[in-house]
Amino acid sequence: MDYATLLQVLDSTVRLATPLLLACLAGLFSERAGVIDIGLEGKMLIAAFFSAAIAAATGSVWLGLLAGLVSSVILSLVHGLASITFRGNQLISGVAINFLAAGLTVLIAQDWFGQGGRTPSLVGGGRWGDITLPFAETLAPVPILGPFYAELLSGHSILVYVGLLMVPLTWWVLFRTRFGLRLRAVGEAPEAVDTAGVSVTGLRYAAVAICGLLCGLAGSYLATGLQAGFVREMTAGRGYIALAALIFAKWRPWHALGACLLFGLLQAVALRYQNIDLGGLTIPVQLMDALPYILTVVILAGFVGKAIPPRAGGEPYVKER
Amino acid sequence: MDKLPPWADAVLVPLISLLLAAALSALVILGIGENPVEAFRLMVEGALLRSAGWGYTLYYATNFIFTGLAVAVAFHARLFNIGGEGQAMIGGLGVAVICLYLPWPHWTLALVAASASAAVFGAAWAFIPAYLQARRGSHIVITTIMFNFIAAALLNYLLVNVMKPPGQQDPATAVFPASTHLPTFQDMFATEAMPLFRGSPGNVTFFLAIAACVLVWLLIWRTRLGYEIRALGHSESAARYAGISPVRTIVVAMLISGGLAGLMGVNTAMGEAERLTMNATEGAGFIGIAVALMGRNHPMGVFLAAILFGFLYQGGAELALWTNIPRELIVVIQALVILFTGALDNMVRAPLARLFAARRRAT
């Protein structure tokens, strides 16, 4: 493999890792606050649809993004209603949200566009343009580093950079602010937070809403950045891979970046090479597809260090009277 | 919180949840500019007013009985088996292996062997998540989700690279030999004078599903193992104190659950397609969740809920055929049923409980 090919694979790694990363950080906020969310997939999907649909209708990718964020946050609030207010089963609520999004998107798409559950292809202002970082052109001829900067770092849509910036931001919010401390506390020992006179419900709703916003970004990027329009089931299990990455990262932001880049790389390689030939031994593409899931099971099995989730995860908080 | 009388818990709560889901679905249908009453009429007509419609309804219901029972058995041990989809796929593989590679003189023998094989394959697919949950505390929801994806990749690989006959385009096995074809309702009940169930896929597996309902009822409420499963589901510490091994019970409950999900493969691969195809499960593993929630984890409830979803599935196909409403409407209804009967249970239950408490005080 020559250097140019390597850069291409890494370039698509970054693109493919971005939705995973945004969804993974979304799950991070929610689960750190004690609300398990397996509805990441559904929220991404609905955001992908509404972003693409509104962008197609108005020609503005920004309005599309707004619609995507709103739709995703609404689903988040449904999840909050079920799991925080009515103390329902968070897993079941997440499953319901995934199906709700899978059904509604196709239903509405068929009604609005009549193209069998997809939106028209986005053109021009309906898609995120690629941003060329400063000096990318001038630095391109520099050996090794030039192409690295011009091909790999430069030339992505704005949401890729937003996703990357979210990593330090998430770290800062969670570990360097009062809000973050309380948010983490509410996922470990909600009774302590309650005793301190801080609203458990309020904090958990805040976390769930942030989760919705980040999922909205992820879905929006999928339909208006990575691809040009919505197709049915376009998230294709990315919400679950993000969940896997979250466990892989043991609920830490920087590790989440690493995990998502790894899973993005796996997707990029699977996309580029159908079957990988290793001198007589052929790795089928299906194995590459399944690898993120297999890795997650191995991690969960505790063979590579133990992944300990937030202690109060999945438990609705019942105030003592 | 105030307790509900048992009949209200078993009948009223699911019924209200269902009505809420139906009302919201009607709003969705209105929202996309169709008439919900007309849609319902079409669904009833297509699914229940013709014998062929019943043939389809019961075919789908057979799938949902198996996956619903699978979820219900796991729920009794307070395990959420979301991997019915993968277990059913692998169960189908078990059916294909039996039907393709062994000679069978008669379909009855083939049915027995294929059912056993489907159950074993499905159970095997549930074993690793079960073992990891029991021994190492790995969350079974996450592992079974992962195993769904791994099952799809494995099946895809086997169908494309190993089991597909040469020269064939679509990823599927060869057609099973004629001696393994199961009798459909048409074969069983249609006569010259009364051509019933024409062309519909409902088949003898339906009766296997009814038998499974009875067996699961016996298992859960009439055996020591069932008692252990329920005890573990109520309180792990109490179960352990009573000398019940949580590890063993978790693994056994999940093996039974996976086996039941695997049995669905008999219906899809042997009863309908008569070969193993890539997307035979069609999300039935997930509908099992809605069915089990709606049926309150009781075999009778699962049976009724499965018939209801069979009707919705067949009715939805009719809608897609005659109107502008795509089949995904069923996915929305399914989501709403899961939401109301599963996650928002307290929202329905709490006002009811207050109502009953007020009535009790009044008398």
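Things worth noting here:
- Scanning the range B:25-45 for residues that are facing chain A (nearest Cβ under 10 Å) and over 14 Å from B:LEU312 (Cβ atoms) yields B:GLY31, B:ILE32, B:GLY33, B:GLU34.
- Qualifying residues in the range A:84-104 (those that are within 25 Å of B:VAL71 (Cβ to Cβ) and more than 7 Å from chain B (Cβ to nearest Cβ)) - the one surrounded by the fewest Cβ atoms within 10 Å (Cβ to Cβ): A:ILE84
- Residue that is farthest from the chain's Cα centre (by Cα) [pool: residues in the range A:106-147 that are assigned to a loop (DSSP other than H, G, I, E, B) and of a type in the set (A, V, I, L, M)]: A:VAL142
- Matching residues, the range A:149-189, being touching a Lys or Arg at 6+ places or on another chain (Cβ under 9 Å) and in a helix (DSSP H, G or I): A:VAL160, A:TRP171, A:LEU174, A:PHE175, A:GLY180, A:LEU183, A:ARG184, A:VAL186, A:GLY187, A:GLU188
- In the range B:176-209, the residues that are part of a helix (DSSP H, G or I) and surrounded by fewer than 16 Cβ atoms within 10 Å (Cβ to Cβ): B:ALA178, B:SER179, B:ASP187, B:MET188, B:PHE189, B:PHE207
- Test result for A:ALA185, more than 20 Å from the chain's Cα centre (by Cα) and without any contact (Cβ under 8 Å) to a residue 40 or more places away in the chain: yes
- Highlighted here are the helices (runs of 4 or more DSSP H) found entirely within the range A:222-314 that include at least 3 residues which are away from every other protein chain (no Cβ under 14 Å), closer than 22 Å to B:ALA152 by Cα and at pLDDT 85 or above: A:253-272.
- Options B:MET89, B:MET146; residue that is more than 30 Å from A:GLU31 (Cα to Cα), within 14 Å of chain A (Cβ to nearest Cβ) and in a helix (DSSP H, G or I): B:MET89
- Any hit, the range B:282-297, residues being under 29 Å from B:THR108 (Cα atoms) and charged (D, E, K, R): yes
- Of everything in the range A:105-122 that is among the β-branched types (Val, Ile, Thr) and within 23 Å of B:LEU339 (Cα to Cα), the residue that is surrounded by the most Cβ atoms within 10 Å (Cβ to Cβ) is A:THR105.
- Of all residues in the range B:303-314, none that is assigned by TED's automatic domain parsing to the domain that holds B:SER25 and closer than 11 Å to B:GLN334 by Cα has its Cβ atom under 6 Å from the Cβ atom of a residue that is surrounded by fewer than 24 Cβ atoms within 10 Å (Cβ to Cβ) and among the hydrophobic types (A, V, I, L, M, F, W, C), 6 or more apart or on another chain.
- Of B:THR173, B:THR180, all but one fail to be in contact with an Asp or Glu (Cβ under 9 Å, 6 or more places away or on another chain) and either of a type in the set (Ser, Thr, Tyr) or within 8 Å of chain A (Cβ to nearest Cβ) (or both); the exception is B:THR180.
- The one condition in (1) under 22 Å from A:TRP251 (Cα atoms); (2) in a loop (DSSP other than H, G, I, E, B) that A:ALA17 fails to fulfil: (2)
- Some residue of the range A:43-51 being at pLDDT 95 or above, within 14 Å of another protein chain (Cβ to nearest Cβ) and in contact with a Cys (Cβ under 6 Å, 6 or more places away or on another chain): yes
- The set of residues from the range A:185-202 being out of contact with any Gly (no Cβ under 8 Å at 6 or more places or on another chain), surrounded by 15 or more Cβ atoms within 10 Å (Cβ to Cβ) and either modelled with pLDDT of 95 or more or of a type in the set (Gly, Ala, Ser) (or both) comprises A:ALA185, A:ALA189.
- The residues on offer are B:ALA39, B:ALA61, B:ALA110, B:ALA119, and the sole one that is in a helix (DSSP H, G or I), out of contact with any Lys or Arg (no Cβ under 9 Å at 6 or more places or on another chain) and within 19 Å of B:VAL252 (Cα to Cα) is B:ALA119.
The values are calculated or read from the model by the stated rules, or taken from the named source; none is laboratory data. Note that this is a predicted model, so its numbers are computed, not measured. Because the Cβ atoms are built from the backbone with ideal geometry, glycine has one as well, and the counts that use them run over all protein chains shown.
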